[in-house]
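The values are calculated or read from the model by the stated rules, or taken from the named source; none is laboratory data. Note that the structure is a prediction, hence the values are computed from the model and not measured. Positions of Cβ are generated from backbone atoms using ideal geometry, with glycine treated the same way; all protein chains shown enter the neighbour counts. Only protein heavy atoms, including side chains, enter the accessible area calculation; ligands, DNA and RNA are left aside. Shrake-Rupley method; radii C 1.70, N 1.55, O 1.52, S 1.80 Å.
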Amino acid sequence: MKTLNKIPTGKLERTSSLLKAGAKVGVNYIKYYGNKITKDKNEDEALKTLNENNASDIYDSLKELKGSALKVAQMLSMEKNILPQAYVEKFSLSQFSVPPLSGALVKKTFRKYFGKNPEDIFDEFTPESVNAASIGQVHKAKKDNKNFAVKIQYPGVRESISSDLKMVKPIAMKMFNIKKEGSESYFQEVENKLFEETDYDLELKRSQEISEKCSHLPNLQFPKYYPEFSCERIITMDWMTGKHFSEFTKQNNSQENLNKIGQTLWDFYMFQMHILKQVHADPHPGNFLISDDKKLLVIDFGCIKEIPNDFYQPYFELAKNENLNNPEIFREKLYQLEILRSDDSVQEQEFFTKLFYELLELFTRPFNADNFDFSDENFFQEIADLGQRYAKMSDMKGMNTNRGSKHFIYLNRTFFGLYNMMHDLKAKNIEINHYKKFIL
């Protein structure tokens, strides 16, 4: 894979790159309509080709920009029930496979923050990146016979967050049926989180705190972090050896090992949500490794969502069947979570009450069972079908569809990612409240 000697950092440069991608998408549509008219391909084949070409052209543009624009692609890759498969497959590459910075640019970053080249700090430093993602890339280093992973943030990422979000905002609003009026708090939440993800001093602090508080959970392992080799744009931690989560799930594994990893992942997330009230809100495969002895290794704490109590209480109260099926309590919680609004028409109240009952009844099934089978294809097909059905509903036209507290954005993202990873593992017989055994 080629390396990058420069990343566009100016608003004009970055906007120009996306406009070029937009022009290519326009050409792809012309080809698509040509294929339909000439009957060179049937409708399904023509649409498949269109999606593949568009996904490639958009992704190729985003991977050169890196930063927030590429982070959005990473987030969208988790939306398996919304995007066509071609987009999911292409955007999934942003989790761990994008063009890395050149060695010269890496050295420049070290000199800026440490006043030294990396080889002057470490005994050995691999100039080639071993992992490049949306916000930073990782290099392997060695000092005093100890191996380190050194994460380096791309230049200009933090400075371009606001302008990047303005560029991708129209795409996101169209894709998720968000209305302009009342959408500010949602986009502000995303912007705030991206600023947090680019603050490596904050990430270092949170990584140390959460790994310490979760260190007693069985079968879970975290790297040690090294403040003396870290700064606002560089984080140094232990080098962790293992298979990428995605690589592991594609292999032939015993059901016992799949269940073991699944229970570990589930316990880790439930302990964070219910005990710590803050959660690793970026559960995608690129953030986890599996060791040879089948331990789950957590290697990135860039995105942490703190859960305020006034949201936590009604959110998880609606996960209980008795509250879901009590119309009075159900409506009360919908208002507390800003799903129903005081200015709703009767039609809107009825529509969104019914919609969220169906959604919550489905998504909270694991919480209403002692044990749950995440290999159940029927459960995940129901999720896919429900998403597709409501995406096509004409009833929503003219309604204010901006629904729910801003805290839903990262909590729902966490659960979507967690459910997808549990399903990739095909984990069975997962004890839902197992985390309670580890409350100190």
- Query: Can you name the residue in segment 198-207 that is buried (at least 16 other Cβ atoms within 10 Å of the Cβ) and touching a strand residue (DSSP E or B) at 6+ places or on another chain (Cβ under 9 Å) and is also modelled with the lowest pLDDT among such residues?
  - Reply: THR198
- Got a sec? Which of ASP343, ASP376, ASP385, ASP370 is in contact with an Asp or Glu (Cβ under 8 Å, 6 or more places away or on another chain), among the charged types (D, E, K, R) and either surrounded by fewer than 13 Cβ atoms within 10 Å (Cβ to Cβ) or under 23 Å from HIS423 (Cβ atoms) (or both)? ASP370
- Lone unmet requirement of (1) in contact with a Cys (Cβ under 8 Å, 6 or more places away or on another chain); (2) open to solvent by 40 Å² or more (accessible area, probe 1.4 Å) for GLN255: (1)
- Note on the structure: Of the residues in segment 238-252, those that are under 14 Å from LYS426 (Cα atoms), crowded, with 16+ Cβ neighbours inside 10 Å and of a type outside the set (S, T, N, Q) come to PHE245, PHE248
- Item | Test set (1) at pLDDT below 80; (2) buried (at least 18 other Cβ atoms within 10 Å of the Cβ) - MET393 fails condition number | (2)
- Query: Which of the residues that make up segment 300-321 are under 16 Å from ILE339 (Cβ atoms), under 21 Å from the mean Cα position of the chain (by Cα) and not in a helix (DSSP H, G or I)?
  - Reply: none
- Task: Identify, from the list LEU297, LEU318, the residue that is within 25 Å of LYS406 (Cα to Cα) and crowded, with 16+ Cβ neighbours inside 10 Å.
- Result: LEU318
- If a residue has to be closer than 24 Å to LYS140 by Cα, part of a helix (DSSP H, G or I) and in contact (Cβ under 8 Å) with a residue 40 or more places away in the chain to count, how many in segment 204-230 make the cut? 5
- Message: Considering only segment 193-203, I want to know if a residue exists there that is part of a helix (DSSP H, G or I), without any contact (Cβ under 8 Å) to a residue 24 or more places away in the chain, closer than 25 Å to ALA149 by Cβ and of a type in the set (A, V, I, L, M, F, W, C).
- Response: yes
- Message: Just to be sure I understand, how many residues within segment 402-425 are in contact with a Phe, Trp or Tyr (Cβ under 7 Å, 6 or more places away or on another chain) and charged (D, E, K, R)?
- Response: 2
- Looking at this structure, is PHE268 touching a Gly at 6+ places or on another chain (Cβ under 8 Å), surrounded by 19 or more Cβ atoms within 10 Å (Cβ to Cβ), more than 22 Å from PHE125 (Cα to Cα) and not basic (Lys, Arg)? no
- Query: Would you call PHE379 among the aromatic types (Phe, Trp, Tyr), at pLDDT 95 or above, more than 21 Å from SER183 (Cβ to Cβ) and touching a helix residue (DSSP H, G or I) at 6+ places or on another chain (Cβ under 8 Å)?
  - Reply: no
- Query: Of ILE121, ILE152, ILE135, which residue is open to solvent by less than 30 Å² (accessible area, probe 1.4 Å) and modelled with pLDDT of 95 or more?
  - Reply: ILE121
- Message: I'm trying to understand the selection: among the residues of segment 208-218, which are open to solvent by 30 Å² or more (accessible area, probe 1.4 Å) and of a type in the set (S, T, N, Q)?
- Response: GLN208, SER215
- Query: Since PHE222 meets every condition but one in (1) open to solvent by less than 20 Å² (accessible area, probe 1.4 Å); (2) closer than 23 Å to ASN147 by Cβ, which condition does it not meet?
  - Reply: (1)
- Message: Among the residues in segment 278-285, are any at pLDDT below 95 and either part of a helix (DSSP H, G or I) or under 20 Å from HIS139 (Cα atoms) (or both)?
- Response: yes
